[in-house]
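These notes concern the structure reproduced below.
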Amino acid sequence: MSIVAKETIEVIAQSIGINNLSDDAALSLAPDVEYRMREILQEAVKCMRHSRRTVLTTDDVDGALNLRNVEPVYGFTSGGPLQFKRAIGHRDLFYIDDRDVDLKEVIEAPLPKAPLDTRVVCHWLAIEGVQPAIPENAPVGVIAAAPNGNTYEQKDELPVDIKLPVKHVLSRELQFYFDKITELTLRKSDSALFKEALVSLATDSGLHPLVPYFTFFVADEVSRGLNDYSLLFALMRVVWSLLQNPHIHIEPYLHQLMPSVVTCLVSKKLGNRIADNHWELRDFTAKLVASICKRFGHVYNTLQTRLTKTLLNALLDPKRSLTQHYGAIQGLAALGPNVVRLLILPNLEPYLRLLEPELLLEKQKNEMKRYEAWRVYGALLRAAGQGIYERLKIFPPLPSPSGHAIWKSKDKVVTAVPNKRKANMEPLEDEPALKKIAADGPIGSLVSANSLSSVTTLALSSQNDAGSSEKMAKRIGKDGKMLKKSVILNQIWKDDLDSGHTLVTLFELLGEGILSFIPSPEMSLFL
Amino acid sequence: MENMQAVNNFVAAYLKKKGFKEAERLLEDLQNKDSAPIDFHNDPELAKFIHRFSQSEDDVARYQDGYSKLRSWTYSSLDLYKHELLRVLYPVFIHSFMDMVAKGHLQEARTFFNTFREDHELMHSRDLQKLEGVLSQSHLEEMEFARSLRQSKVNIKICQYSYDLLLQYLHKTQSTAMLGVINEHINFQVSSGQPSSLSDDAEVVTLIGSFQDAANQINQKEIHWGLLEDSLEERMEKAGSLLSDSEKTEEENKEGDVDETKKRSVESGKQGASTKKLKKEKGLNATAKSARTEASTTPAAPRVKSKLPLPLMSTEVEQSILEDLRNRVQLSSVLLPSVSFYTFLNTHNGLNCSSISQDGSLVAGGFSDSSLKVWDMAKMGQQGGSSILQAENDSTSSEHVVGQNGGKRSYTLFQGHSGPVHSATFSPLGDFILSSSADTTIRLWSTKLNANLVCYKGHNYPVWDVQFSPAGHYFASASHDRTARIWSMDRIQPLRIMAGHLSDVDCVQWHANCNYIATGSSDKTVRLWDVQNGECIRIFIGHRSMILSLAMSPDGRYMASGDEDGMIMMWDISSGRCITPLMGHTSCVWTLAFSCEGSLLASGSADCAVKLWDVTTSAKVPRNEEKSGNTIRLRLLKTLATKSTPVYSLQFSRRNLLFAAGALSKNM
């Protein structure tokens, strides 16, 4: 008759040491227990209401027990609502998962982060009855604006008057803001005001309703203005600023933005004047692409793969122009050393073979083309060098293992380097046009001297290495802890060996230029 | 013949004893009408009637049977009268249940309860939850709610024809158990004419018990709801009319105003954007002026004398208030207020209450860890420089207050309570804070000294609410011990104790003229008390759950109350009747506030929204109720949704800027 079963009462009685509780007693206790429970709950709900909450917590029950002058139940306080689990095999039996806690674990565990202190922040919920579109307010307007923007873009492929739909969903201020920004981007992208506008784009909250319009604006202008270098640069800057803005959720619009951004990276022709430094634009866009991948790569896991595929296709297609190749290399390089190692290095050799004729004065008479080829060569060099530099940099500066690795790799170098290098060096020296590329020229000649000396010191270093590895063995014997380290070292050796191999191939392909990317401590080992 | 008489007397006495007044009356009628003595032996009907009575005194099945029959009869009755008859079912149901419990048939009572509870779940779920726990006679005695139900009668308004139908049915079916319950616990107010409309339902269903009569009586008492004589507003109006006569002086004054407001804004700096805000208010000032002059021509609220000795106001304070009044934005249904929202972050579910000072510059939060924290929003903007100053102040403060440790903390921490702080209130001038706690005490803190001044002990149980009077100095508290108390700051003993509620007093609010306080209670009533003699002078019945918030209109004519279910009711204080329920919130209404000139009501709720209601049209409704029945619920002007932040408190500044506060809760 009561929701508390007779058996429950008996079990509870037994748990406190009353074994001979009569049935009658249990039966008459049960309803009373239920009544008391209800009473406590009623008081607990009052406590909950007066704590301005809608979820009942253990604190409220303790409060209710206090109200009835009953000792509260200790040990159940918790900040939030409790997590109940359903007992297997029972439909409506729940329990709190109360794990055994190892005291040692608790003591040894690092201290948890101190909870943040209470703060009060202030914002306008409404101004004269109208809610401003700021991130602190519930996004009423945003929900309405976003789908509108989407449908609008899908419907209208042709450039039409953008202002028309804007009027319906945007406040007058936002509309004005949009007009102003687009005007600045189109006409006065070199003014100081435009810089201010970019800062505003990067920091202002409440711009969210404008994102679809900006996305469309960028896509539209990029497709129309491929010949206008400064416009393209301004547009990319706008995209960059939008990406910087922490108050904007740009993810849904990325798929519309990416094509225009990639266009600015690998398009055949950007700008129509020779003075236009489209290389700079490509570099900037590469950085932009990399930042997008870094920020949204985990949300859209296909983003980076699709991007690299596009870029690699552009790179490996011999029919594409050199400018496109350059963009692709820069884009890939910006994505990080891993991408470089995985995608560029394996293709380095065949590509260089393609590039070689373009580099030579004898074969490529067009100076412009040759310049472009050298540019590409520089980009390749940089990408490969950066990849290898990152690789080497992560090694702990332990003298013995890396020395060992280099010693090993050098064995092969000994055979490979002299003739190969000479093959490469000769055109380098023959080529006075090389001097035009200030970055490459001096380094190339400088390093060539270095590498010559490296060959001579080779025998010496290998002797040194033999000595150091012996030392190493002794050290392992000395200290038990070193054992663990040796495992790591083994791994590093292996990695190092790999990189050693890559280094060698790189060296073969690119010649001395690559040496400038090897960090100085490594270099000194090398020597 | 003599035998006959004896039988008649016996029957009459029996009916009297059992309290079946209805049957008794009928019998008397019968006797009087045809004066022919009832032939007991020859009237098989009556014989059977009496026989049944004596025979099955404790037959519980009669209740179940009788109720289910009555129920099916009611459901199949005429549509026109159905809703009136349905009202009868609920009291019959709960009293049948309690009768069965009282007679000890617990098992049957439980099955009976469970069989039919669904019918009443919609309207009375909370009562049913309480009654569900009644499992023995002793519980009936112990439980306040059950006891009050047992002791009292329910008033049900019913039209003549429905009443006749019901009686006919009861007599025809001889369901004596039902007849008994109805006679014992229901008091029919039979009205001639058409059955009342469905919309009145809400008024009738509240089962408060015997005090329905008492309440009616109480509500007859005289009340002077007018505003205080010689209040600043009144003086303002007079002064305003004088000023408008001489344009020159006004202009001079205005220039002075500008300077002064500028100075003030720099000083108090109502959170950063104040200069902008002030300008905006200035712009509106012109329109407000004209509106005000119009308003002054309409009959103003009557003026009353204060029954309390009120504290004197310094001229400086008076000046600044007058200044505010002059710059007040005139709000209406077309001109909504600006709302500034203070969000508490990282409260870890510990914020129990919040309070905002009259000018919005101070925000207080009461926490479940017994602490009271006060933020100075004016200093918020200029954090860097102020820290040194703060540190200097600290050295002088008492040990109760842990001040800002070199500017690390953005608030002043008041420690002293030993239980969760359930309420906090700023004095009208913002120089004092009162906080009430589960440790049964109320503490007075000074925001100037950052110290605890007084600890008021008097309540025996947690103090749920405390409120300063509009004039300051006096304050009222409400507690779990079912009393509300009036205190003055200079005495540690309460001045008045208001006892009468049947359950916790959950909230308290002062009337604009300081002569009355209103209290809302878990017994679902709101009461109005005379501060002078401590008497209850109004009972407002109509809510269906615990009352959480109260607000008084600035003209003293209306009161709004909000409950646990999200219902807000607007009451006419003089008549004690509900003008209209305001429906829209879906969860607890934590706070209510009238705008300064009384045209808008703002409500804040656990459903993360601030709603603005038009008071002026809702007050007009009773006049043209008959004409436009359906427009009653069209007065919600605006819903301002917050970002998962339940709204804990609302406060209109004197210039009609609305401040709201709440704690961001992520698991909502």
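Values in this text are rule-based calculations from the coordinates and carry no lab data. Note that the structure is a prediction, hence the values are computed from the model and not measured. Methodologically, a virtual Cβ is constructed for each residue, glycine included, from the backbone with ideal geometry; neighbour enumeration extends over all protein chains shown.
Enumerate the amide H contacts of A:Gly129 below 5 Å, restricted to partners 5 or more residues apart or on another chain; note that Pro and chain-start residues carry no placed amide H.
B:Ser338, B:Val339
How far, in nm, would the chain grow between A:Asn227 and A:Arg306 when pulled straight, counting 0.36 nm per residue and subtracting the alpha carbon separation?
Here the segment from A:Asn227 to A:Arg306 would lengthen by 25.8 nm.
Per 0.36 nm of contour for each residue apart, how much would the distance between A:Ser191 and A:Gln256 grow if the chain were fully extended, relative to their Cα-Cα spacing?
20.6 nm
Along the Cα→Cβ direction, 7 angstrom out, place labels at A:Ile96 and A:Arg36. What is the inter-label distance in nm?
2.0
Per q in 0.11 1/Å, what log10 I(q)/I(0) does a Debye calculation on the alpha-carbon atoms of region A:177-335 return?
For the requested q values the scattering log ratios are -0.41.
I need the shape label for region A:175-239. Rule: rounded when a/c is under 1.5, else prolate if a/b > b/c, else oblate, with a, b, c from the alpha carbon gyration tensor.
Because a/c hits 1.5 or more and a/b fails to exceed b/c, region A:175-239 counts as oblate.
Let me make sure I get this right: for region B:310-355, a, b and c are the square roots of the gyration tensor eigenvalues over alpha carbons, sorted descending. Under 1.5 in a/c it's rounded, otherwise prolate if a/b > b/c, else oblate. Which is it?
oblate
HN-Hα J couplings of region B:526-533 from phi, Karplus 6.51/-1.76/1.60, θ = phi - 60°, integer Hz, Gly and Pro as x?
For region B:526-533, the Karplus curve yields 10, 10, 10, 10, 7, 5, 5, 10 Hz.
In percent, what relative contact order does region A:177-335 have, based on Cα pairs under 8 Å that are 6 or more apart in sequence?
About 22 percent, as a whole number.
Let me understand region B:559-606 better: what is its radius of gyration from the alpha carbons, and its Dmax, in angstrom?
Final numbers for Rg and Dmax: 10.6, 31 Å.
Considering only C-alpha atoms, what is the centroid distance from region B:87-122 to region B:314-354, in Å?
Between the Cα centre of region B:87-122 and that of region B:314-354, the gap is 50 Å.
So what J values fall out for region A:204-210 if you push phi through Karplus, 6.51 cos²θ - 1.76 cosθ + 1.60 with θ = phi - 60°, rounded to Hz, Gly and Pro as x?
Once rounded to whole Hz, the list reads 5, 7, x, 8, 3, x, 8.
What is the set of long-range amide H partners of B:Leu640 at a cut-off below 5 Å, with H atoms built 1.01 Å from backbone N?
B:Val610, B:Lys611, B:Leu612
How much length, in nm to one decimal, is gained on full extension between A:Asn69 and A:Glu105, taken as 0.36 nm per residue of separation minus their Cα-Cα distance?
My answer for the length gained is 9.2 nm.
Can you give me the pair-distance distribution of region B:60-191, C-alpha pairs, 10 Å bins, whole percents?
Binned Cα distances yield the sequence 12, 45, 34, 8, 0.
Report ³J(HN,Hα) in whole Hz for each residue of region B:362-369, in order, from the Karplus equation J = 6.51 cos²θ - 1.76 cosθ + 1.60 where θ = phi - 60°; Gly and Pro get x.
Once rounded to whole Hz, the list reads 10, 10, 10, x, x, 10, 6, 8.
Beyond 16 Å, what percent of the Cα pairs of region A:6-108 remain?
That fraction is 72 percent.
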